[in-house]
Amino acid sequence: MNELLKKDIMACAPTKEAARIETDKEWMRSLLKKHGLPGQIKYQSFTDPDEAKKFIEELDGKVAVKPIGLTGGKGVRVAGDHFSGIEDAISYVKEVIEKKIGGKSKVLIEEKIEGEEFTLQAFSDGSTVVPLPAVQDHKRLLPDDQGPNTGGMGSYSCADGLLPFLSREEYDKGVDILRRVVEVLDRENCRYIGPIYGQFMLTADGPKVIEINARFGDPENMNVLPLLETDFVEICNAMFEGTLSRKKICFRKKSTVCKYVVPEGYGIESKAGKKIDVDEDSIWREGAKLFYASVNKKNSSIFTTSSRSLAVVGISNELSEAEEICEKALKHVHGDHIFIRHDIGTKKLIEKRIQHMKKLRGEI
Ligand code: AMP
Ligand code: GLY
């Protein structure tokens with residue numbers, strides 16, 4: 001963005017300085033702390049594994065261990081999900097520091113928080129923040145939230161802009177945090193222009209910040225951008241020109257389900273270079289949307305890479321209908337070495353999430 005600005009090329013994205021909110025997790029946490037923003041959790045960063053050990057012990061091993069820089073969503077390890085005891089946590093801390101995972105010999109340790117995750121994306125012109133419908137992503141590779149973390153296996157959103165476990169009040173609290181992040185970035189001389197992404201954990205004590213990204217979410221943007229009624233280029237102009245407060249932004253009130261087709265072994269050791277047959281016309285005929293991600297086309301055939309291959313999105317009034325459309329469309333994608341998380345957006349998994357929140361809130 002900085003280079004484009006130097007050449008007077010109009011672009012709708014944050015500068016390198018403002019995008020640090022995503023690229024430096026420690027800076028993001030320190031900014032929330034400095035300005036007393038809500039949604040903060042306990043954290044500390046370390047370059048010395050022995051010092052890290054003391055903090056991990058203080059938190060009784062209930063921690064998330066994070067490289068400071070970017071790792072494509074695959075560098076974070078959480079107690080209970082990816083490791084069990086304090087010793088395991090420390091050995092990953094050592095690995096991050098020694099191998100400079102994420103680019104630095106430094107590690108961020110956060111308290112592990114419990115709840116349901118949700119994503120809030122918004123348009124920002126530096127002072128006005130316009131939120132989009134909430135989305136829930138599925139980071140874990142395998143059904144029922146098992147296996148390693150990935151860049152995201154699929155996501156859903158609901159016609160009312162909320163989620164089955166997320167109230168209007170909780171959504172508003174998340175939006176307020178995003179607005180205040182943009183406000184403090186401006187105060188720090190890092191005016192934030194472009195789409196902004198908040199990853200939150202809804203806990204019994206309200207939404208807490210997991211991370212802030214300086215872009216749309218992938219897959220979450222595929223849930224919300226197809227619902228946009230207002231011209232996207234006009235919105236980008238308004239973000240760039242600082243006139244977002246005067247722009248009316250409208251969405252279709254529909255539910256959406258997005259599922260990614262990924263190469264077998266994705267998140268562990270992807271089987272790249274395998275052929276996938278995609279019957280595009282039939283997918284569109286089912287009323288679904290198709291978005292290619294990382295594939296190679298040779299002659300007229302499509303081949304996997306090591307990243308996510310393509311996403312299919314079902315859109316309808318009800319979430320169950322959107323899920324059905326997505327699944328019908330996925331039947332037109334074939335390959336011997338592909339994998340899909342079919343449980344995303346299903347009644348069973350959503351019910352589990354509702355019950356999880358009820359339990360944390362002490363309602364059952
Ligand atoms: P991140 O790359 O920071 O989004 O982290 C990847 C995933 O790890 C998140 O989507 C959460 O599921 C989980 N996670 C990250 N930080 C925490 C935390 N402090 N407590 C519990 N889970 C976390
Ligand atoms: N879906 C997670 C991300 O875009 O970072």
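Please report, as a whole percent, how much of the solvent-accessible surface of the chain comes from carbon and sulfur atoms (probe radius 1.4 Å). List each step's numbers first, then the result.
Details: 7960 of 16710 Å².
Percent of accessible area from carbon and sulfur atoms in the chain: 48.
Tell me the net charge near residue 280. Cut-off is 13 Å between Cβ atoms, residue 280 excluded, with +1 for each Lys or Arg and -1 for each Asp or Glu. All intermediate terms of the calculation are to be shown ahead of the outcome.
Working: positive: 285, 289, 297; negative: 277, 279, 281, 286.
Charge balance in the 13 Å sphere: -1.
Can you figure out the FRET efficiency of residue 3 with residue 268, using R₀ = 41 Å and their beta-carbon distance, to the nearest 0.05?
Computed FRET efficiency for residue 3 and residue 268 comes out at 0.70.
In terms of modelled amide H atoms, which long-range or inter-chain residues lie less than 5 Å from the amide H of residue 266?
Here the answer is 271, since their amide H atoms fall under 5 Å of that of residue 266.
Are there cysteines in the chain with no other Cys C-beta under 4.7 Å, and if so, which?
Here 158, 190, 250, 258, 326 come out as lacking a disulfide-compatible partner, given the Cβ-Cβ threshold of under 4.7 Å.
With only Lys, Arg, Asp and Glu charged, each at its Cβ (+1 for the first two, -1 for the last two), find how big the charge dipole of the chain is about the Cα centre; round to the nearest 20 debye.
Values: 56 positive and 58 negative charges, 99 e Å.
Approximately 480 debye in magnitude.
Fully extended, how many nm does the chain gain between residue 204 and residue 71 (0.36 nm per residue separation, minus their Cα-Cα distance)? Let's see the in-between values first.
Numbers: separation 133, 0.36 × 133 = 47.88 nm, distance 2.90 nm.
This chain segment gains 45.0 nm when fully extended.
Over the stretch 51-95, with a single point scatterer placed on each C-alpha, what log10 of the ratio I(q)/I(0) does the Debye formula yield at q = 0.15, 0.26, 0.32 1/Å?
The Cα Debye sum returns log10 ratios of -0.33, -0.93, -1.25.
In whole Å, what is the distance between the alpha-carbon centres of the stretch 176-239 and the stretch 299-328?
What the calculation gives is 24 Å, centre to centre.
In square angstrom, what is the accessible area per residue of the stretch 175-219 with a 1.4 angstrom probe? Mind dumping the intermediate values first?
Working: 1500 Å² over 45 residues.
Result: 33 Å² of accessible area for each residue.
When Lys and Arg each count +1 and Asp and Glu each count -1, what net charge do the other residues less than 9 Å away from residue 150, Cβ to Cβ, add up to? Show your work: numbers first, answer last.
Values: positive: 74, 139, 140, 308; negative: none.
Value of the local net charge: +4.
Placing one identical point scatterer on every Cα of the chain and ignoring solvent, what is log10 I(q)/I(0) from the Debye formula at q = 0.09, 0.12 Å⁻¹?
Log-scaled intensity ratios, in q order: -0.52, -0.96.
So what is the relative contact order for the stretch 86-179, in percent, with contacts set as C-alpha pairs under 8 Å and at least six apart? If you can, show how the numbers build up before the last one.
On the way: 105 pairs, mean separation 16.8, N = 94.
Reported as a whole number, the value is 18 percent.
Direction-averaged shadow area of the convex hull around the Cα atoms of the stretch 239-292, nm²? Present the calculation step by step, with values, prior to reporting the outcome.
Values: hull surface 29.7 nm².
With every direction weighted equally, the projected area is 7.4 nm².
How large are Rg and Dmax for the stretch 58-131 when calculated on the C-alpha trace, in angstrom?
In order Rg, Dmax, the Cα atoms of the stretch 58-131 give 15.3, 46 Å.
Among the listed pairs 34/208; 33/112; 62/94; 253/352; 33/359; 25/104, which have their C-alpha atoms separated by more than 20 angstrom in this model?
Values: 34/208 16 Å; 33/112 18 Å; 62/94 17 Å; 253/352 24 Å; 33/359 29 Å; 25/104 12 Å.
Among 34/208; 33/112; 62/94; 253/352; 33/359; 25/104, the Cα-Cα distance tops 20 Å for 253/352; 33/359.
Would you work out the Kirkwood radius for the stretch 278-364? I mean one over the mean of 1/r across all pairs of different Cα atoms, in Å.
Details: mean 1/r = 0.0675 Å⁻¹.
Averaging 1/r across every pair of different Cα atoms and inverting gives 14.8 Å.
With contacts defined as alpha carbon pairs under 8 Å and 6 or more residues apart, what's the relative contact order of the chain in percent?
Numbers: 794 pairs, mean separation 60.3, N = 364.
Rounded, it is 17 percent for the chain.
If each DSSP helix of 4+ residues adds -39,500 (n - 2.57) and the sum is divided by the residues in the chain, what number results at 222 nm, nearest 500 deg cm²/dmol?
Values: 11 runs with 110 residues, N = 364.
Counting only the DSSP helices, I get -9000 deg cm²/dmol.
Just by accessible area at a 1.4 angstrom probe, what is the order of 360, 310 from largest to smallest? Can you show the working numbers first?
Working: 360 60, 310 0 Å².
Result of the area sort, largest leading: 360, 310.
Excluding ligands, DNA and RNA, what is the solvent-accessible area per residue of the stretch 1-139 at a probe of 1.4 Å, expressed in Å²? Walk me through the numbers before you get to the answer.
Working: 6270 Å² over 139 residues.
Spelled out: the 1.4 Å probe surface of the stretch 1-139, per residue, equals 45 Å².
Rolling a 1.4 Å sphere over the protein heavy atoms, what is the accessible area per residue of the stretch 221-342, to the nearest Å²?
Values: 6220 Å² over 122 residues.
In whole numbers, the stretch 221-342 has 51 Å² accessible per residue.
Which value, in Å² rounded to 10, gives the accessible area of residue 71 with a 1.4 Å probe and all protein chains present?
40 Å²
Hey, what D do you get for the stretch 32-179 in µm²/s if you plug the Kirkwood alpha-carbon radius into Stokes-Einstein at 4 °C and 1.567 mPa s? Walk me through the intermediate numbers first.
Values: Rh = 17.0 Å.
Taking Rh from Cα pairs, D becomes 76 µm²/s.
The values are calculated or read from the model by the stated rules, or taken from the named source; none is laboratory data. All values derive from a computational prediction rather than experimental measurement. Reconstructed Cβ throughout: ideal geometry from the backbone, glycine too, with neighbour counts over all protein chains shown. Note: areas computed on protein heavy atoms with side chains; ligands, DNA, RNA excluded. Shrake-Rupley method; radii C 1.70, N 1.55, O 1.52, S 1.80 Å.
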